[in-house]
Amino acid sequence: MVHGRVSRLSVHDVRFPTSLGGHGSDAMHTDPDYSAAYVVLETDAEDGLKGYGITFTLGRGTEVVVCAVNALAPHVLNRELGDIVGDFRGFYRQLTSDGQLRWIGPEKGVVHLATAAVLNAVWDLWAKQEGKDPRTLVSCIDFRYITDVLTEEEACEILRQSQVGKKEREEQMLAHGYPAYTTSCAWLGYPDATLKQLCSEALKDGWTRFKVKVGADLQDDIRRCRLIRNMIGPEKTLMMDANQRWDVPEAVEWMTKLAEFKPLWIEEPTSPDDILGHAAISKALAPLGIGVATGEQCHNRVIFKQLLQAKALKFLQIDSCRLGSVNENLSVLLMAKKFEIPVCPHAGGVGLCELVQHLIIFDFISVSASLQDRMCEYVDHLHEHFKYPVLIREASYMPPKDPGYSTEMKEDSVKKHRYPDGEVWKKLLTAQGN
Ligand SMILES: C[C@H](O)[C@@H](O)CC(=O)C(=O)O
Ligand SMILES: [Mg+2]
């Protein structure tokens with residue numbers, strides 16, 4: 001039984017100085033400090049349960065997302081949790097369609113990242129209080145703008161059909177987990193020696209799928225891709241990620257030169273808004289056996305709808321904090337199922353692995369019912385700051401067993417990494433003379 005009135009919303013700017021080690025670097029984001037706008041919801045219920053939600057940011061700008069969360073707060077404060085989740089579609093729409101705030105979106109950018117943080121906290125709190133059936137889940141989706149490809153009835157039918165074999169798939173997940181790939185070895189800012197060392201450690205740990213960052217310098221890419229392909233051998237899977245660095249013809253040309261390293265996919269070859277550009281790249285690279293993957297910076301379900309309609313991608317990458325939380329991610333999982341495109345989520349960042357494991361394991365059990373061409377990203381940074389960190393066994397995500405959305409950070413971590421007054425930042429800023 002859902003209960004409690006939301007009595008407090010607090011939001012923290014939490015940053016980790018990952019740029020110091022080059023972690024997370026790519027062709028466009030050369031110095032990311034993995035960060036989060038971290039939301040805590042409290043209610044007046046006696047159980048004392050809290051909801052924790054995050055959205056992922058890269059350092060500077062987190063303060064802007066924090067402002068946007070505060071601007072959304074009046075929609076949440078003093079509301080009964082039962083009323084919120086009892087009409088979750090309506091609540092989602094209230095947040096995303098605020099008559100004034102939507103002008104600085106709509107359903108995209110800072111205001112949508114803030115929406116994700118708030119809604120992730122609501123899902124965390126709700127999940128701690130009770131379980132959900134498929135009908136309830138569909139009732140959380142806002143179908144506005146996607147009914148031309150997916151209606152509520154079709155969504156229910158997909159979920160109904162996927163009931164077959166559900167028990168076996170649950171058991172399979174509990175025994176073997178969900179297959180993962182690693183991005184941790186080959187950030188763009190890593191020197192070759194680090195790449196080699198991390199790659200050989202990953203091989204020892206049983207990893208069989210690797211992603212390498214490309215896109216800044218072709219000769220560098222050729223050297224690094226050769227190095228990693230030689231290390232992992234011809235059979236293991238290699239993916240490449242350009243983080244939006246190229247124009248359309250440049251992407252085709254560059255990837256033609258990297259084709260000898262047999263990448264399964266090229267991720268974000270160009271602007272995430274360029275649907276027809278992605279379609280052109282997909283078409284040009286298909287004969288080389290290279291698929292296009294994208295999604296970590298797709299603003300919303302509408303962009304995913306069009307990417308699917310335009311046959312612009314071969315692998316779809318949902319993001320638990322870029323889209324409007326579970327609500328919007330559900331709609332994308334269902335559209336991907338309808339178009340038979342495998343979902344391979346974006347993870348990493350701060351807490352993205354913790355969140356997205358719930359979505360992808362749900363996808364396997366209740367939507368796609370398939371592991372064909374599917375895997376979830378894994379990055380091994382910052383898990384130690386979470387109270388319920390992901391558990392990886394034999395290069396697979398083992399299903400989380402604690403109630404909630406695994407979003408709660410350790411109090412001490414939040415305190416030390418609060419920007420700019422946490423201990424870690426005070427020291428760093430003083431050393432930099434700020
Ligand atoms: C800036 C981020 O680290 C980005 O490079 C992550 C990414 O593209 C991925 O994990 O994929
Ligand atoms: Mg990427």
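The values are calculated or read from the model by the stated rules, or taken from the named source; none is laboratory data. Owing to the predicted nature of the structure, the values given are computational and were not obtained by experimental measurement. All Cβ positions, even for glycine, are placed from backbone atoms using ideal geometry, and neighbour counts span all protein chains on display.
Details
For (1) crowded, with 22+ Cβ neighbours inside 10 Å; (2) assigned by TED's automatic domain parsing to the domain that holds GLY348; (3) closer than 28 Å to THR115 by Cα, each residue gets a yes or a no:
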site	(1), (2), (3)
LEU264	no, yes, no
GLU267	yes, yes, yes
ASP273	no, yes, yes
ALA279	no, yes, no
LYS283	no, yes, no
LEU288	no, yes, no
ILE303	no, yes, yes
LEU316	yes, yes, yes
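- Filter pass, ARG322 being within 14 Å of ligand 1 (Cβ to nearest atom), of a type in the set (D, E, K, R) and within 29 Å of LYS166 (Cβ to Cβ): yes
- Between ASP124, ASP98, the distinction of being surrounded by 18 or more Cβ atoms within 10 Å (Cβ to Cβ) and free of Cβ contacts under 8 Å to residues at least 60 places away in the same chain belongs to ASP98 only.
- Criterion applied to PRO400, PRO389, PRO420 was being surrounded by fewer than 16 Cβ atoms within 10 Å (Cβ to Cβ), in contact with a helix residue (DSSP H, G or I) (Cβ under 7 Å, 6 or more places away or on another chain) and part of a loop (DSSP other than H, G, I, E, B), and the one residue passing it is PRO420.
- Any hit, segment 29-43, residues being of a type outside the set (S, T, N, Q), in contact (Cβ under 8 Å) with a residue 12 or more places away in the chain, within 16 Å of ligand 1 (Cβ to nearest atom) and out of contact with any Ser or Thr (no Cβ under 7 Å at 6 or more places or on another chain): yes
- Within segment 213-240, being out of contact with any Ser or Thr (no Cβ under 9 Å at 6 or more places or on another chain), free of Cβ contacts under 8 Å to residues at least 60 places away in the same chain and of a type in the set (Val, Ile, Thr) holds for ILE222, ILE228.
- The condition of being away from ligand 1 (no atom under 16 Å from the Cβ) and within 20 Å of the chain's Cα centre (by Cα) holds for only one of ALA117, ALA71, that being ALA117.
- Any hit, segment 99-115, residues being touching a Gly at 6+ places or on another chain (Cβ under 6 Å) and of a type in the set (A, V, I, L, M): yes
- Helices (runs of 4 or more DSSP H) wholly inside segment 150-260 that include at least 3 residues being within 26 Å of LEU308 (Cα to Cα): 152-161, 248-258
- Count - residues of segment 334-378 that are surrounded by fewer than 22 Cβ atoms within 10 Å (Cβ to Cβ), outside any helix (DSSP H, G or I) and under 16 Å from the mean Cα position of the chain (by Cα): 2
- Leading residue by the ranking (surrounded by the most Cβ atoms within 10 Å (Cβ to Cβ)) among those in segment 403-417 that are assigned to a helix (DSSP H, G or I) and touching a residue at least 60 places away in the same chain (Cβ under 8 Å): HIS417
- Check on THR183, surrounded by fewer than 17 Cβ atoms within 10 Å (Cβ to Cβ), within 16 Å of ligand 1 (Cβ to nearest atom) and either at pLDDT 95 or above or over 29 Å from PRO400 (Cα atoms) (or both): no
Residues checked against (1) in contact with a helix residue (DSSP H, G or I) (Cβ under 6 Å, 6 or more places away or on another chain); (2) modelled with pLDDT of 95 or more; (3) farther than 17 Å from CYS344 by Cα:
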site: TRP187; (1), (2), (3): no, yes, yes
site: LYS204; (1), (2), (3): no, yes, yes
site: ALA216; (1), (2), (3): no, yes, yes
site: ARG223; (1), (2), (3): no, yes, yes
site: MET231; (1), (2), (3): yes, yes, yes
site: THR237; (1), (2), (3): no, yes, no
site: ILE281; (1), (2), (3): yes, yes, yes
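- Scope segment 325-348; condition at pLDDT 95 or above and either within 12 Å of ligand 1 (Cβ to nearest atom) or among the polar types (S, T, N, Q) (or both); matching residues: SER325, ASN327, ASN329, SER331, CYS344, PRO345, HIS346, ALA347
- Any hit, segment 66-80, residues being surrounded by 17 or more Cβ atoms within 10 Å (Cβ to Cβ) and touching an Asp or Glu at 6+ places or on another chain (Cβ under 6 Å): yes
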